[in-house]
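Notes follow once the structure below has been shown.
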Amino acid sequence: MNDVKNRTSRPGQQSRDELRRQLAAKQQRKLRAQRQRERNAWFGLGMFGLVGWSVAIPAVGFTALGVWIDARHGGPYSWTLMLLVIGVGLGCLNAWFWISRERREIEAEHNRPQEEAPDDSD
């Protein structure tokens, strides 16, 4: 209660508090930008590469297995085609996993409570 009286009794105290809050928010944005400096365009391109390889490797691997099965054990069904579809599906699930994990990390960092600047009492 005394804190409220002290704030209202001194002229300009409210604007000082607002200025402190603005400066603390600006400082937090600057610190966050410094921490994320390594996340630039190359990071985005790397993420595209990760997604591409996450889909391509299972698709190629399962297709190669399907070609091998078709060569060894012929039949009315194309194992190559079936395993290609399965490989692409598993690759897409894998890519979705990586993207959702990265999104959660970015959201967690954005939603992290801002640390308060030390209060300099006059």
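The values are calculated or read from the model by the stated rules, or taken from the named source; none is laboratory data. Bear in mind that the values here come from a model prediction, so they are computed numbers and not experimental data. Virtual Cβ from ideal backbone geometry, glycine too; neighbours counted across all protein chains shown.
Could you check the stretch 38-74 and list, in sequence order, the residues that are over 18 Å from residue 86 (Cβ atoms) and modelled with pLDDT of 95 or more? Within the stretch 38-74, none qualify.
The set of residues in the stretch 75-119 being modelled with pLDDT of 80 or more and acidic (Asp, Glu) consists of 102, 105, 107. For the stretch 50-92, the set of residues classified as surrounded by fewer than 12 Cβ atoms within 10 Å (Cβ to Cβ) and part of a helix (DSSP H, G or I) consists of 71, 72, listed by residue number.
For the stretch 11-25, state whether one or more residues are within 30 Å of residue 102 (Cβ to Cβ), at pLDDT below 85 and in a helix (DSSP H, G or I). Within the stretch 11-25 (the criterion being within 30 Å of residue 102 (Cβ to Cβ), at pLDDT below 85 and in a helix (DSSP H, G or I)), the answer is yes, since at least one residue qualifies.
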